[in-house]
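What follows is a short report on a single structure.
Read-outs: derived from the displayed coordinates by stated rules, not from any lab. This structure is a prediction, so every number in the text was calculated from the model and none was measured. Cβ: placed from backbone, ideal geometry, glycine included. Neighbour counts: every protein chain shown.
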Amino acid sequence: MSTVVEQIQAEMVSNVWKIMVAVGDRIGPGDTVVILESMKMEIPVVCESGGVITEIAVHEGEVIQEGDLIAIIDGAQPSEPSSSTSFNSST
C-alpha cells in the first residue's frame, strides 16, 4: 500500500504571513497550513486531504512565487487529482 503525499504549492506571488503548523503535526482536510498575504488580503492555505506535516518549505516573512512549494503532507488520503491547495479568501 503506497502512501499518498500532498504537496501544497503557492498559487500566486505572496508573502508568508503566518505558519500555522509544525513538522510532525497531524492535520485534517480543511485545516489551515499557512496564511499568505497578498495585496493587503490574508489568504488561508488549507490542506485538501489530511495527514502528517513532513516538511515546511517556507519561513514567515518570505516572499514566494507562484508554484513554490509551501509544505509536504505525508499519509494524506486520496481526494481530488490536483495537488495544489485551495485558497479561501475573505474580506
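Only one of the numbered conditions (1) surrounded by 13 or more Cβ atoms within 10 Å (Cβ to Cβ); (2) out of contact with any Pro (no Cβ under 8 Å at 6 or more places or on another chain); (3) closer than 16 Å to residue 75 by Cβ; (4) not hydroxyl-bearing (Ser, Thr, Tyr) is not met by residue 4, and that is (2).
Tallying residues that are more than 19 Å from residue 5 (Cα to Cα) and surrounded by 12 or more Cβ atoms within 10 Å (Cβ to Cβ) within the stretch 21-61 yields 8. The single condition from (1) over 19 Å from residue 4 (Cα atoms); (2) acidic (Asp, Glu); (3) touching a residue at least 60 places away in the same chain (Cβ under 8 Å) that residue 74 fails is (1).
I need every pair where a residue in the stretch 57-68 that is on the phi > 0 side of the Ramachandran plot has its Cβ under 8 Å from the Cβ of a residue that is surrounded by 12 or more Cβ atoms within 10 Å (Cβ to Cβ), sequence separation at least 6 or different chains. These pairs meet every condition: 61/15; 61/16; 67/9; 67/10.
Checking each residue in the stretch 7-40 for being assigned to a loop (DSSP other than H, G, I, E, B), among the hydrophobic types (A, V, I, L, M, F, W, C) and either without any contact (Cβ under 8 Å) to a residue 40 or more places away in the chain or closer than 14 Å to residue 74 by Cβ (or both) picks out 20, 21, 22, 23, 39.
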